[in-house]
């Protein structure tokens, strides 16, 4: 079988993207998806995304982790999908598309994609960390010595440990630079390793730091390992709304692979 694919990245968070509007890709073939994401024997990516037709919006986004399993919302993947839809001439500069967590609005201009995320409530503020869901579950904790932190073993221990256990969580380590700027490193479930950037993780970190009183203003700069992102939001009572994840999304290459 020949698979036509496109490789995209958003601040180093990379994806295999496939135009599946004719439903040719077998979404139940977890081994195939994992193979395509394999960095040694396949194309290599943090995840695989299908673009499909949708009756409610411009297109539908179906996201799979690198382990081959369909997963929850991916923010950087969503931004890359918007860039891909523009490349295919499905959209122009604005769009509304469907994902596993519902409809998302987005704007693209000069390679910068602004993606509207779902509203967030129910942030849990614990002694050592915060927990919230920004389309995917996220554990957020402050780590002043971020640069020397051994992310993979520490992240895995939290990801599989209590209270997350089998369902697991993504794990974000945050270092404050100033009241509007934070550095962040993320361990992603499904990838089971550190990724250079995580869109829902960046969003979670920005809201968590604002909720905790570490951040001021309604626009937060996040420095990921793969580059800078911004999160803009509004807050009313205990709800964060009008949340936008902002940053670049680019096509790296495209091709065909025999599977």
(message) Going by Cα centres, the stretch 101-115 and the stretch 125-182 are how many Å apart?
(response) 26 Å
(message) If you take Rg/Rh (Cα atoms, Kirkwood Rh) from the coordinates, which of (1) 1.09; (2) 1.02; (3) 0.95 do you get?
(response) (3)
(message) Which of rounded, prolate or oblate describes the stretch 127-179 when judged by the alpha-carbon gyration tensor and an a/c cut-off of 1.5?
(response) oblate
(request) Would you order 1, 117 from fewest to most other beta-carbon atoms within 10 Å of each residue's own beta-carbon? (result) 1, 117
(request) List 197, 57 from most exposed to least, where exposure is judged by having the fewest other Cβ atoms within 10 Å. (result) 57, 197
(request) Post the alpha-carbon centroid distance, the stretch 1-50 to the stretch 201-251, in whole angstrom. (result) 28 Å
(message) Shape verdict for the stretch 124-246, please, from the Cα gyration tensor: rounded (a/c under 1.5), prolate (a/b greater than b/c) or oblate.
(response) prolate
(message) Using only the alpha-carbon atoms, how far is helix 75-87 inclined from the longest principal axis of the chain? Give it as 0 to 90 degrees, nearest 10.
(response) 40 degrees
(message) Using a 10 Å cut-off around each Cβ, can you sort 176, 256 from fewest to most neighbouring Cβ atoms?
(response) 256, 176
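Laboratory data are not the source of any read-out in this text; all were calculated from the coordinates shown. These numbers come from a predicted model, not from an experiment. Positions of Cβ are backbone-derived with ideal geometry, glycine not excepted, and every protein chain shown enters the neighbour counts.
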